[in-house]
1. In a Gaussian network model over the chain where Cα atoms closer than 10 Å are linked, find which of Glu149, Glu53, Glu81 has the largest mean-square fluctuation.
2. All other residues with a Cβ under 15 Å from the Cβ of Asp116 taken together, and with Lys, Arg as +1 and Asp, Glu as -1, what is their net charge?
3. Can you give me the % of accessible surface on the stretch 24-172 that is carbon or sulfur? Probe 1.4 Å, all protein chains present, nothing else counted.
4. Considering Cα pairs under 8 angstrom that are at least six residues apart, work out the relative contact order of the chain and quote it in whole percent.
5. Count the net charge of all other residues whose Cβ sits under 12 Å from the Cβ of Val159, scoring Lys and Arg as +1 and Asp and Glu as -1.
6. How big is the equivalent ellipsoid of the stretch 175-223 along its three axes, where each semi-axis is √(5λ) from the Cα gyration tensor, reported in whole Å from largest to smallest?
7. Past the 25 angstrom mark, what percentage of all C-alpha to C-alpha distances in the stretch 69-205 do you count?
8. Which value at 222 nm does the chain reach when only helices count, each DSSP H run of 4 or more adding -39,500 (n - 2.57), with the total divided by all residues and rounded to the nearest 500 deg cm²/dmol?
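The values are calculated or read from the model by the stated rules, or taken from the named source; none is laboratory data. Predicted, not measured: the structure shown is a model, and the values here were computed from it. All Cβ positions, glycine included, derive from the backbone under ideal geometry; neighbour counts span all protein chains shown. To get the accessible areas, we keep the full protein, side chains included, count just its heavy atoms, and leave off ligands, DNA and RNA. Shrake-Rupley method; radii C 1.70, N 1.55, O 1.52, S 1.80 Å.
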Amino acid sequence: MVTTQIATERITVDGLSIRYADSRTPGPDVLLLNPWPESLYAFEPIWAHLAREDHLVAVDLPGFGQSDSRADLMSPQAMAEFVVQLLDALQLDQVHLVAPDIGTSAALFAASAHPDRFHTVVVGSGAASIPFELGEPLASWVTAPNVDEYEHTDGRRIVAGTVERLTPAYPVPGPIRADYLESYSGRRFADSMRYVRAYPADLPVLRDLLPTIQTPVRIISGSRDTAVPSTNGHFLDDRLPSSTHDVVDSGHFVWEEASAIYSSLLTDWWRRH
């Protein structure tokens, strides 16, 4: 078990064992979805600040972190429906949804189909633009003809290189780094790639839905994000009816690299809605 202020539990949803953490603090309900290739422990730097006034539930989505996987859920549209099932299982009615990185597209699909379940949505650092505007290594992960190379590589090696990009902006604590690596060990990283490889099919559908989403959306991008440039955030902001876009002096992992700013943007957004 990782020794941090975040204590994890497990819940069975749609036959899958899902790892989650509950702050058990009073306040408005907030659901946080893990980034990739990380886990719910990515929210460690902002957890204590947000838990002062809000009830936090952080989740490893199926196929990510330490949650079970199932192939039919590895796309943004399918994951959006699972998020609503998760809310039901956790007995959460309406929530503020925080879904950076891979959660961006799933959160917006969910807000489009189930607007009554979300007070607000916070996204960013996730692919959105059509045509794609992605840097490496994400562009290759999305568009490679196949994943053979990754299926024969221990995912821990790939994640280790990704995590190193956080240093020195955010020296990942040893136990959390170990959790990230274990979360995608063996074939788990290659299996998790199925999700982003669904972008070519799903993101054009999302593009057409964006003008219909009435839920207030805050988009947070890193100005120095080379994997998912901030132009993806501008793409969303230009099409969503009720949105704001903040570009923070940070790389891709804004929630860790610029945690004080990120948490302040979240709480400001929630108090305004």
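1. With Cα springs under 10 Å in the chain, the top fluctuation among Glu149, Glu53, Glu81 is at Glu149.
2. Spelling it out: positives minus negatives among the neighbours equals -3.
3. After summing per-atom areas, the C and S share lands at 49 percent.
4. 20 percent
5. Every neighbour counted, the sum reads 0.
6. The three semi-axes for the stretch 175-223 are 30, 18, 9 Å.
7. Here the tail beyond 25 Å accounts for 34 percent of pairs.
8. That comes out to -11500 deg cm²/dmol.
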